[in-house]
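Presented below is the structure to which this report refers.
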Amino acid sequence: MDKQEGIERRQHPRAAVSWPVIMKSTRGLMSGETRDVSYGGAFIRCREPLKPSQVLELSISVSLLCPRVQATAEVIWSNHSTSDDELNPRGMGVRFTNITSTDQELISALVMDNLKNEEPDRSEVSSTD
């Protein structure tokens, strides 16, 4: 058994967020939805994931109050599974290769806010600290 199995290898924290995405690739326009996002990339759930190494342009709607985040990304891995359940959704992991610092900072701030909201209230866990 691989000793590395189950160890988090990602460089940046990820938050489980569902943001609509419009993708432009050599196939044309496609739609999808983020399942988790970090400073450096995202998992995008979509019907027909692209193959690894393919490049695409992303337009991500992070909020009704913010302009869309624009980025170029490279597909790092792809899940072409026919399964559509929550454990193994069809989609692809992408790494942002070209994104403005403003958009990257916005994603980072939203990810950190989301992670803070997911943490349990420490004051309720232990009153002896």
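The values are calculated or read from the model by the stated rules, or taken from the named source; none is laboratory data. A quick note: this is a predicted structure, and the numbers were derived from the prediction, not measured. No Cβ is skipped: glycine too gets one built from the backbone with ideal geometry, and neighbour counts run over all protein chains shown. Surface areas here come from the heavy atoms of the whole protein model, side chains and all, with no ligands, DNA or RNA. Shrake-Rupley method; radii C 1.70, N 1.55, O 1.52, S 1.80 Å.
Structure notes:
- Evaluated against (1) touching a residue at least 40 places away in the same chain (Cβ under 8 Å); (2) over 12 Å from Phe96 (Cβ atoms), Tyr39 falls short on exactly one condition, (2).
- Test: residue in the range 78-98 that is over 11 Å from the mean Cα position of the chain (by Cα), open to solvent by less than 30 Å² (accessible area, probe 1.4 Å) and at pLDDT 95 or above: no
- Some residue of the range 68-77 being of a type outside the set (Val, Ile, Thr), open to solvent by 50 Å² or more (accessible area, probe 1.4 Å), part of a strand (DSSP E or B) and in contact with a helix residue (DSSP H, G or I) (Cβ under 8 Å, 6 or more places away or on another chain): yes
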